[in-house]
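Right, one structure below, let's go through it.
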Amino acid sequence: MNEEKPNIQEIRLGDCPICGGKNTLKVIQYIHDIPYFGKVMESTIICEKCGYRSADVMILEEKEPKLYTVKVEEEKDLFTRVVRSKSGTIELEELGIKIEPGPASQGFVSNVEGVLERVRETLLMARNFKEQENDKEAVKKIDELLEYIEDVKEGRKPLTVKVLDPFGNSALIGEKVKSRLLTKEEIKKLSTGPYVIIEPEELENEEAK
């Protein structure tokens, strides 16, 4: 089956709000089709002067707020695809780790192994700080998490991975993935990153003013 040729666009945005560089800000948009999911646009804003970067993922088809779950039990499960937008939350259940979106969060398309590598790098940085502070208890806890990640990669221990997105712009994609709609209560508890949820009645009230 022939894959659709990716659509890549580069757009000039003007001056950089970080360093003030004149006409140094651009956005690269990469549109491609993910099988069984739909068209996705990955966009990266870059300043050619100071190196500022901001990335996001947007689904180009209307999606409903969903929870995706996969149980990682063997090596092939690590290749489950992860689509995470700026509004997506990732939970690594057995590790007790939750990656929530914030104002500076980044969107990406990767796989479970790639997510674990991101977490491992963050833990190594945290370990270094705690070691400098001589916090032996924190260092021990981080070492346990790092060991568990290696066990997951080697198929010795399981890991439940969840992706939740109130805007439907994030997902897990693979044979073992299960999904369901998020409840209103679950949506209210989620961080939405830089985005805001506007209820239909709020929009009607605003238009009536």
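Work out how much length Thr183 to Lys140 would gain on full extension: take 0.36 nm times their residue separation and subtract the Cα-Cα distance, in nm to one decimal.
Value of the extension gain: 11.7 nm.
By its C-alpha gyration tensor, with a ≥ b ≥ c as the square roots of the eigenvalues, how is the range 1-109 shaped: rounded for a/c under 1.5, else prolate for a/b larger than b/c, else oblate?
Here the range 1-109 falls in the oblate category.
Using amide H atoms built 1.01 Å from N in the peptide plane, name the residues 5+ places from Ser170, or on other chains, whose amide H lies under 5 Å from its own.
Ser85
Using a probe of 1.4 angstrom, how much of the accessible area of the range 45-168 is carbon and sulfur, in percent? Before the final figure, lay out the partial values.
Values: 3120 of 6660 Å².
C and S atoms contribute 47 percent here.
Compute a Gaussian network model of the chain, connecting alpha carbons closer than 10 Å, and tell me which residue from Glu186, Glu48, Glu93 fluctuates the most.
Glu48
Any idea of the accessible area per residue across the chain, 1.4 Å probe, to the nearest Å²?
For the chain, the solvent-accessible area averages 63 Å² per residue.
How big is the charge dipole of the chain about its Cα centre, in debye rounded to the nearest 20, if each Lys and Arg gets +1 on its Cβ and each Asp and Glu gets -1 on its Cβ?
Working: 33 positive and 42 negative charges, 71 e Å.
It comes to approximately 340 debye.
Given the options Leu95, Gly168, Ser105, identify the residue whose Cα lies farthest towards the positive end of the charge dipole of the range 87-185 (+1 on Cβ of Lys, Arg; -1 on Cβ of Asp, Glu).
Farthest along the dipole direction, towards plus: Gly168.
Is the range 127-181 rounded, prolate or oblate when judged by the Cα gyration tensor, a ≥ b ≥ c being the square roots of its eigenvalues, rounded requiring a/c under 1.5 and prolate requiring a/b larger than b/c?
Oblate, since a/c reaches 1.5 and b/c is not below a/b.
Quick one: of Lys86/Lys184; Lys26/Lys184; Lys66/Lys140, which pairs are farther than 28 Å apart, Cα to Cα?
Too far apart for the 28 Å limit: Lys26/Lys184; Lys66/Lys140.
Pop the C-beta distance of Lys71 and Ile28 into the FRET formula with R0 = 45 Å and round what comes out to the nearest 0.05.
0.80
Taking the Cα centre as origin and putting +1 on Lys and Arg beta-carbons and -1 on Asp and Glu beta-carbons, what dipole magnitude results for the range 45-160, to the nearest 20 debye? Could the numbers behind the result be given before it?
Values: 20 positive and 26 negative charges, 72 e Å.
Here the size comes out at about 340 debye.
Can you tell me the convex hull volume per residue for the chain, based on C-alpha atoms, in Å³ to the nearest whole number?
Once divided by residue count, the hull of the chain is 182 Å³.
Have a look at Gly88, Gly20, Gly114 and tell me which one the Gaussian network model of the chain (Cα, springs below 10 Å) gives the largest fluctuation.
Gly20
Quick one: helix 112-132 against the long Cα principal axis of the chain, what's the angle to the nearest 10°, folded into 0 to 90?
70
The values are calculated or read from the model by the stated rules, or taken from the named source; none is laboratory data. Predicted model, so just to flag it, every value in this text is computed and none were measured. Heads up, the Cβs are rebuilt from the backbone with ideal geometry, glycines too, and the neighbour counts pull from every protein chain shown. Protein only, heavy atoms only, side chains kept; ligands, DNA and RNA dropped before computing areas. Shrake-Rupley method; radii C 1.70, N 1.55, O 1.52, S 1.80 Å.
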